[in-house]
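Data block below; observations after.
The values are calculated or read from the model by the stated rules, or taken from the named source; none is laboratory data. These numbers come from a predicted model, not from an experiment. With ideal geometry, Cβ positions are generated from the backbone for all residues, glycine too; neighbour counts draw on all protein chains shown.
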Amino acid sequence: MGSLTSGEVADSESQVTPFAKAGFFSKMSFWWLNPLMKMGYKKPLQDKDMPLLGATDRAHNQYSVFMEKLNAKKRPPSHAAPSFFWTIVSCHMHAILASGFFALLKVLTVTAGPVILKAFINVSVGKGNFKHEGYVLAALLFVCKCCESLSQRQWYFRTRRLGLQVRSLLSAAIYKKQQKLSNAAKMKHSSGNIMNYVIVDAYRIGESPYWFHQTWTTSVQLCISLVILYDAVGAAMISSLVVIVMTVLSNVPLARLQHKSKSKLMEAQDVRLKAMSESLVHMKVLKLYAWESHFKKVIEGLRKVEYKWLSAFQLRRAYNIFMFLSSPVLVSAATFLTCYLLKIPLNASSVFTFVATLHLVQDPIRLVPEVIAAVIQAKVAFTRISKFLDAPELNGQVRKKFCVGIDYPIAMNSCSFSWDERTSKQTLKNINLIVKGGEKIAICGEVGSGKSTLLAAVLGEVPKIEGMVWFLLLTSYVNEIDAIFGEKYILLTSIMFGSKFMKIMLNYIC
């Protein structure tokens, strides 16, 4: 669905998605999709046909709620740094519980199948409990299958929607954070890293709501299936439980190795993306000095390192999948062997119930490798994004609001700056500067004398050691040669980004 742009009317009833106004039955049956389906049947859909997102689904609103919750947790008496994970959970608690309810309903309706099948077999052999029990069981089976289908679709839809909300929230948070990173933080989090946070890590976290419910529903389904197996084959169920427990325990070291491989893979991917982005930015220099082949070899070497960890991760995942795919066969073989050794009688009712329940055991067991991989990926991604969001920001004292009695946009009074706050060595010492409105000032000096550092200090990008800086908030900064020596049109285009020019007051500081 289309996202909101600055020129669109967000509150127009005809533009907002029907989902925002849909009732309970419309949401449960996805009836609100019919207008879009009809339009797609008549003609190919275009961007203008896509409705706008509802207010709760927009990235701006999601980010605002997240920051409101985060700032509330930072207030006294709480002194500890708030957890980004629990803040996101508190923002979407209602959606998590609602999707969890449908996930539980789906598990209960699925596990009801073998129980109803056993009752059908008992009725067929004349062991019914009351008259017309067969009709009641048929109706009950129909209702269970309908509930299973509806609950599964609602579970998938709600978790995917929740994942997109979290993903858009994190993307907005990363974008806002990268604008305020200190220089020390920029050295640790390059443009390639930040790109990876948005494209890969935020996507992995967006997929995690579905896999979170899959984690506990798998355990619930296994427990209910074991109870049904015990009712069908008695003590032979213990052999099934032993095989399942041994399979899970043998997977623990593999899961740890997978986590290590995934962490190393993401680090290698960050280094490779950083090298590629820097090569693209400085492509003119590479072409001028004919360094393409050298940088190509460097990037290929980084790709080999990334491939090494990727192959290690996928190989361990393949071992994991093989173990869990073979476990259902081992479960059935161990159970029937135990029945034979313990001389447990098997009839049509117990055998059919066991076979039907075995399918319920197979599905969660086969999903265990996927669940483990998804949880590991989400954990690694959340750790990386949390470190980025906790990174130090620019010194807030560098830029002050415009004060009464100061009639110039930029002023520095006995200021000293240093790129590295941990050292006593100062890059600029005892700087006094006054820039009046309308003045054109040229900063001259030899290479390395601190011209760019002074401009960066005005913007607040260099940590201030001492002194005071005043910076008018309406002042604009354009870092472009053409803006100084070129045409006025180029300057306005750079500021307005192609938008229609409006009569606003701008202060040009170069």
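Please go through (1) more than 19 Å from ALA232 (Cβ to Cβ); (2) buried (at least 18 other Cβ atoms within 10 Å of the Cβ) for PHE130 and return the number of the only condition it doesn't satisfy.
Of everything listed in (1) more than 19 Å from ALA232 (Cβ to Cβ); (2) buried (at least 18 other Cβ atoms within 10 Å of the Cβ), PHE130 misses just condition (2).
Could you check segment 423-458 and list, in sequence order, the residues that are touching a residue at least 40 places away in the same chain (Cβ under 8 Å) and within 44 Å of the chain's Cα centre (by Cα)?
ALA457, VAL458
Among the residues of segment 166-208, count how many are touching a Pro at 6+ places or on another chain (Cβ under 9 Å) and at pLDDT 90 or above.
Going through segment 166-208, the residues touching a Pro at 6+ places or on another chain (Cβ under 9 Å) turn out to be 166, 181-185.
Add one more test, that the residue is at pLDDT 90 or above, and what stays is 166.
Counting residues in segment 166-208 that are touching a Pro at 6+ places or on another chain (Cβ under 9 Å) and at pLDDT 90 or above gives 1.
Take the residues in segment 96-124 that are over 21 Å from LEU226 (Cβ atoms) and without any contact (Cβ under 8 Å) to a residue 24 or more places away in the chain, then tell me which one is nearest to the chain's Cα centre (by Cα). Break it down stepwise before answering.
Our first condition is that a residue be over 21 Å from LEU226 (Cβ atoms); within segment 96-124, this holds for 96-102, 120, 122-124.
Now narrow it down to the ones that are without any contact (Cβ under 8 Å) to a residue 24 or more places away in the chain: 97, 101, 120, 123-124.
On the way: LEU97: 19, PHE101: 22, PHE120: 46, VAL123: 51, SER124: 52 Å.
This residue is LEU97.
Testing LYS73 on (1) more than 29 Å from HIS213 (Cα to Cα); (2) surrounded by 14 or more Cβ atoms within 10 Å (Cβ to Cβ); (3) charged (D, E, K, R), one condition comes back false. Which one is that?
For LYS73, the failing item is (1).
Out of LEU288, LEU341, LEU337, I need the residue that is modelled with pLDDT under 80, over 36 Å from the mean Cα position of the chain (by Cα), assigned by the TED database to the domain that holds ASN122 and more than 30 Å from VAL198 (Cα to Cα). Which one?
Details: LEU341 fails: modelled with pLDDT under 80; LEU337 fails: modelled with pLDDT under 80.
Residue meeting the stated conditions: LEU288.
Taking segment 430-473, which residues are among the hydrophobic types (A, V, I, L, M, F, W, C), more than 20 Å from GLU393 (Cα to Cα) and surrounded by 11 or more Cβ atoms within 10 Å (Cβ to Cβ)?
Filtering segment 430-473 for residues among the hydrophobic types (A, V, I, L, M, F, W, C) gives 431, 433-435, 441-444, 447, 454-459, 462, 465, 468-473.
Of the ones still in play, those that are also more than 20 Å from GLU393 (Cα to Cα) are 431, 433-435, 441-444, 447, 472.
Once the filter is applied, which keeps residues that are among the hydrophobic types (A, V, I, L, M, F, W, C), more than 20 Å from GLU393 (Cα to Cα) and surrounded by 11 or more Cβ atoms within 10 Å (Cβ to Cβ), segment 430-473 yields ILE431, LEU433, ILE434, VAL435, ILE441, ILE443, LEU472.
Within the group VAL281, VAL252, VAL245, which residue is within 30 Å of ILE194 (Cβ to Cβ) and either surrounded by fewer than 14 Cβ atoms within 10 Å (Cβ to Cβ) or without any contact (Cβ under 8 Å) to a residue 40 or more places away in the chain (or both)? Walk me through how you get there before you give the answer.
On the way: VAL252 fails: within 30 Å of ILE194 (Cβ to Cβ); VAL245 fails: within 30 Å of ILE194 (Cβ to Cβ).
Selected residue: VAL281, the only one of VAL281, VAL252, VAL245 that is within 30 Å of ILE194 (Cβ to Cβ) and either surrounded by fewer than 14 Cβ atoms within 10 Å (Cβ to Cβ) or without any contact (Cβ under 8 Å) to a residue 40 or more places away in the chain (or both).
Determine which member of the set CYS403, CYS415 is modelled with pLDDT under 75 and of a type in the set (A, V, I, L, M, F, W, C).
Numbers: CYS415 fails: modelled with pLDDT under 75.
After applying the criteria, what remains is CYS403.
Restricting attention to segment 175-191, which residues are of a type in the set (S, T, N, Q), more than 17 Å from LEU459 (Cβ to Cβ) and surrounded by fewer than 17 Cβ atoms within 10 Å (Cβ to Cβ)? Spell out the reasoning first.
Step one: of segment 175-191, the residues of a type in the set (S, T, N, Q) are 178-179, 182-183, 190-191.
Next cut, more than 17 Å from LEU459 (Cβ to Cβ) only: 190-191.
Residue satisfying the conditions is SER191 alone.
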